[in-house]
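In what follows, a single structure is set out as structure tokens and then discussed.
The values are calculated or read from the model by the stated rules, or taken from the named source; none is laboratory data. Small disclaimer: the values here were computed from a predicted structure and weren't measured. In this analysis, Cβ positions are derived from the backbone assuming ideal geometry, glycine residues included, and neighbour counts consider all displayed protein chains. In case anyone asks, the SASA skips ligands and DNA or RNA and just uses the protein heavy atoms, side chains included. Shrake-Rupley method; radii C 1.70, N 1.55, O 1.52, S 1.80 Å.
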Amino acid sequence: MKAAPPSVSEERVVGVRNGHLRGVVADGIARFLGVPYAAPPFGENRFQRPRPHPPWDGVRDATSFGASPPQAPYEGAMGELLPSVVIPGEDILNLNIWAPAHATPQTPVPVMLWFYGGGLTRGSNALQTYDGTAFARDGVLLVSANYRVGAEGYSVLDGAATNAGLADQVAALEWVRDEIRAFGGDPEQVTVFGQSAGGGSVATLLASERASALFKRAIIMSAPLGLQGGDPGRISRLMAKDLAVETTREAFAAIPPDTLVESQTRLMRMSKMLRPGPGYGGVVGDDLIPVNPWDAVRAGRGADIPVMVGYTAEELGLYLGPHDRLRKIGWVLLLAVAAWFKFSPRTIQQYRRGRPHTAALEILGALLTDAFMRGPANRFADMRHRQGAATYVYEFAWRSPRMHLGAAHAVDVTFVFDTLDSDESAAIAGPDRPQSLATEMHTAWVNFARTGQPGWPAWDDSRPVMVFNTPSSAVVLAPREEERRAVEHLLPPA
């Protein structure tokens, strides 16, 4: 359900370098929505790095969400669990601000900048889940930024800029550095955070010399840290063939954005459990990602920045749980995937012993969660610990009853934002969402933004993990350590 509109509100006008913005103050919170941080990335700006937004005359209205990047909604069960918001328009490089009404340039508050997930093909800062009211209520200015996804943001084309979507994120960080004090935010106290593809972006930004100078703290939520590699240009070449054009900026720029979305959606349906289809990713070798992010972390990049990194206990539940047909072939699928990823029979038996009454599909989900999320998060924390870098690890273990999800990928986001009263929260977390858990997680994120410490011990040789669950959360030392070690052969080198 959508929150009722505030009963009393007043306008607030703030000046930035491009002009003035009209927001609204209600219930102690100032909101500025759809604020442009870069020029529309279309026309001559298409497939290029973000460029400055032109000035505007008068006072620009900032009381409604701005346009969203070109994309297609999720299909089938995924569409029920992860609703989409698609707002038409070209001014897609915009951000939203929720600030405590009492914050001023003279008395600024910490800032958190959010980058959404969506597999680098979907996402919008207008989702109910990402409403920043709770952060502003608790004394933190929340910024949520759109960035280009899919073909518009991550195509690999002759004559086009690489990593345009990531460059959008850097531009949003630069805008925050230059402008956020006018809204009562402290540009010296910026925490960047994101989930899934957004979390992967944060990990990449942390490893980038240019980008990491723009924030003080970072939170990486359920990022596919173990899925580095592959060929980020494959999808662009396949789309060029599908559309009968050359793999060039000129050729792609002549195609309407919606047509590109249709092509990429067709081609990405090729993805199978054992036959990964094409997808988008960062291109190593430019000024934003000069080296592989794992190599940068190994070399100590970002060691001066406190980091929270975490995962959900059953990440793969989002992709396996809703598909009843997979449950019928669970053991066959488990053995096939195990062979593909070189999981030994001993490893499978180890996971089965720890889950004696668990279906094959859940065991498969546990294996893949550890291989691609939990294991890499541990490896990342180990690397940073050797460098003396402050790192805090968490696990989200509360189990959603929806569509056999369990503690699946993306279930935790609504708890972090404390937006349990939204329709989107009900869609993925079910009817009995525990407010106590949302309060606990949200408070940890706020504390980290304020102090760099979320409220549990930093990572060390004892491997402390804060496990968020009901009826109570607790720190667990080296949870399921034997299982984690069993998948180490899939992890990046230490």
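Looking only at strands (runs of 3 or more DSSP E) that fall completely inside region 388-494, which ones have 1 or more residues that are more than 29 Å from Gly123 (Cβ to Cβ) and open to solvent by less than 10 Å² (accessible area, probe 1.4 Å)? Before the answer, list the steps.
Details: elements: 391-396, 464-468, 474-477.
Of the strands (runs of 3 or more DSSP E) lying wholly inside region 388-494, those with at least 1 residues that are more than 29 Å from Gly123 (Cβ to Cβ) and open to solvent by less than 10 Å² (accessible area, probe 1.4 Å) span 464-468.
Mind checking whether some residue in region 125-146 is at pLDDT below 95, surrounded by fewer than 24 Cβ atoms within 10 Å (Cβ to Cβ) and on the phi < 0 side of the Ramachandran plot? Let's see the steps before the verdict.
As a first pass, look at region 125-146 and keep what is at pLDDT below 95: none.
Looking through region 125-146, none of the residues is at pLDDT below 95, surrounded by fewer than 24 Cβ atoms within 10 Å (Cβ to Cβ) and on the phi < 0 side of the Ramachandran plot.
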Look at Gly285 and say whether it is in a loop (DSSP other than H, G, I, E, B), buried (at least 20 other Cβ atoms within 10 Å of the Cβ), on the phi > 0 side of the Ramachandran plot and not polar (S, T, N, Q). no
Name the single residue, out of those in region 300-323 being open to solvent by 10 Å² or more (accessible area, probe 1.4 Å) and either without any contact (Cβ under 8 Å) to a residue 12 or more places away in the chain or charged (D, E, K, R) (or both), that is nearest to Ala211 (Cα to Cα). Arg301
Would you please name the residue that is most open to solvent (accessible area, probe 1.4 Å), looking only at residues in region 33-46 that are closer than 18 Å to Ala67 by Cβ and over 22 Å from the mean Cα position of the chain (by Cα)? Gly43
